[in-house]
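Take a look at the structure set out below.
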Amino acid sequence: MKFLTTNFVRCAIKSCDGAVNSFPLKYSEIELVQEEQDFQPEFILGILPRLDWPAVLKVAADLGNTSLPSQLPELDISDPSNEILLKDLHTLLIETQLVQGKMICENCNHVYHIKDSIPNFLLPPHLAN
Amino acid sequence: MLPTPLTEDLDFEKVYEPAEDSFLLLDVFEKEKPWLESYKWSSDVPLVVEIGTGSGVVTTFVNQHIIPQGLFLATDLNPHCCNAVLNTHKSNIGKKGNLQVLQCDLTTPLKRNQVDVLIFNPPYVPSETVPEIADPDSEDWLDIALLGGPTGMDITQKVLDSLYDTLSRNGVAYILFCARNHPQKVMDNFKAKEAQRGNEWEIECVQHRKAGWEVLTVWRFIRR
């Protein structure tokens, strides 16, 4: 599971839909691996406007990274000084894989597991929608 | 004609093997390519989600040939499929493309109103009941990929009921039906229900084909 994916998923339980605490999930006991991917600056630039940046900061903090800017700066691909930040974001969002660990809903406390890089959001029958 | 992605080392007793319905979707996307290329998405990186991705041929094809700039999420209940999708994508696309796999039911862990393109080849075959989710060693995975209840619509109807909340504004869904689902009737009901909620749609049948004893259609839903 790429770091990027944490920005798109919330608790799968229907009663948590819309609850403020159901997104982002809390990431705990996470094992990380860096997996090399092609650097595509246009992709990073294109994805940034659709990210919930406070959620990026919160998940990064769960994983022990508190070095991100609190506000996302304006980025321009033609400005070479932006390349370092874009590469850093590529490393974080695309290359950082959450391989094992837990994802916890802070609304209902349900615990989901990540195994071999695949997050499992299947629910037991009594919680399924 | 665009090449079909290759699938390697898949266990077709646990993962649905690409068949006429899968290939029909590939043809749909090949035909839709110019339209999709000129479509104005709400983001430079559209989010493409395929539900019940199976072997991963459709998602891989769309990422490779149709929407290379997209972010792809593949969902499947079946853990064997989750691995299959990653393998199929990697062996055809390598380190390009951006695909993630979620093991889940339909789109339940996705935040609302963020999907720009939704693809669904549902379990559309009429059957008495819909099988329960199996344990990983089960031999029922292929039934889960196929069987959809009395008119084959049990699972598809769930997706239709939440489609407006799943898609982004101007988001597009491609959903496959067989004739025994009575797609025209399904569309009429869908339109009536959505109109009551004040939701606007443009719906069109974009593909129609007789495949063996089945008549398959693919419908395009644009959320306005």
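The values are calculated or read from the model by the stated rules, or taken from the named source; none is laboratory data. Here the structure is a predicted model, which is why all the values come from computation and not from measurement. Neighbour counts run over all protein chains shown; Cβ positions are idealised from the backbone, glycine included.
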How do the pairs read when you match residues in region A:4-22 that are surrounded by fewer than 18 Cβ atoms within 10 Å (Cβ to Cβ) with residues anywhere that are acidic (D, E), using Cβ under 8 Å and keeping only pairs 6 or more apart or on different chains? A:N21/A:E106
Let me spell it out: the conditions are (1) over 18 Å from the mean Cα position of the chain (by Cα); (2) not in a loop (DSSP other than H, G, I, E, B), and B:V172 meets all of them except one. Which number is the exception? (1)
Looking at region A:1-41, which of its residues are in contact with a helix residue (DSSP H, G or I) (Cβ under 8 Å, 6 or more places away or on another chain) and of a type in the set (F, W, Y)? A:F3, A:F23, A:Y27, A:F39
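Residues are listed down the side, and each one gets a yes or a no for (1) buried (at least 19 other Cβ atoms within 10 Å of the Cβ); (2) within 14 Å of another protein chain (Cβ to nearest Cβ); (3) without any contact (Cβ under 8 Å) to a residue 40 or more places away in the chain:
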{"site": "B:K14", "(1), (2), (3)": "yes, no, no"}
{"site": "B:S38", "(1), (2), (3)": "no, no, yes"}
{"site": "B:S43", "(1), (2), (3)": "no, yes, no"}
{"site": "B:K90", "(1), (2), (3)": "no, yes, yes"}
{"site": "B:N98", "(1), (2), (3)": "yes, yes, yes"}
{"site": "B:V101", "(1), (2), (3)": "yes, yes, no"}
Unique residue being over 23 Å from B:V45 (Cα atoms) and away from every other protein chain (no Cβ under 13 Å) when the list is A:N21, A:N82: A:N21
Which of (1) part of a helix (DSSP H, G or I); (2) touching a residue at least 24 places away in the same chain (Cβ under 8 Å); (3) of a type outside the set (K, R) does B:N83 not meet, given it meets every other one? (2)
For region B:164-185, how many residues meet the condition of being over 13 Å from B:V218 (Cα atoms) and β-branched (V, I, T)? 1
Where residues in region B:68-85 are surrounded by fewer than 23 Cβ atoms within 10 Å (Cβ to Cβ) and more than 8 Å from chain A (Cβ to nearest Cβ), which of them is nearest to A:P124 (Cα to Cα)? B:H80
Looking at (1) among the polar types (S, T, N, Q); (2) at pLDDT below 90; (3) more than 26 Å from B:T60 (Cβ to Cβ), can you tell me which one B:Q157 breaks? (2)
How about region A:76-129: which strands (runs of 3 or more DSSP E) wholly inside it have at least 2 residues that are touching a residue at least 40 places away in the same chain (Cβ under 8 Å), among the aliphatic types (A, V, I, L, M) and crowded, with 19+ Cβ neighbours inside 10 Å? A:96-104
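Here is a yes/no grid of residues against (1) among the aliphatic types (A, V, I, L, M); (2) at pLDDT 95 or above:
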site: B:F72; (1), (2): no, yes
site: B:D137; (1), (2): no, no
site: B:A145; (1), (2): yes, no
site: B:D161; (1), (2): no, yes
site: B:N181; (1), (2): no, yes
State whether the residues of region A:56-64 include one that is within 7 Å of chain B (Cβ to nearest Cβ) and modelled with pLDDT of 95 or more. no
Taking region A:30-56, which residues are crowded, with 18+ Cβ neighbours inside 10 Å and either on the phi > 0 side of the Ramachandran plot or part of a helix (DSSP H, G or I) (or both)? A:F43, A:I44, A:G46, A:I47, A:L48, A:R50, A:V56
In region B:34-59, how many residues are outside any strand (DSSP E or B), in contact with a strand residue (DSSP E or B) (Cβ under 8 Å, 6 or more places away or on another chain) and under 24 Å from B:E8 (Cβ atoms)? 6
Would you check which residues across region A:24-49 are within 8 Å of another protein chain (Cβ to nearest Cβ) and over 24 Å from B:L86 (Cα atoms) and list them? A:L45, A:P49
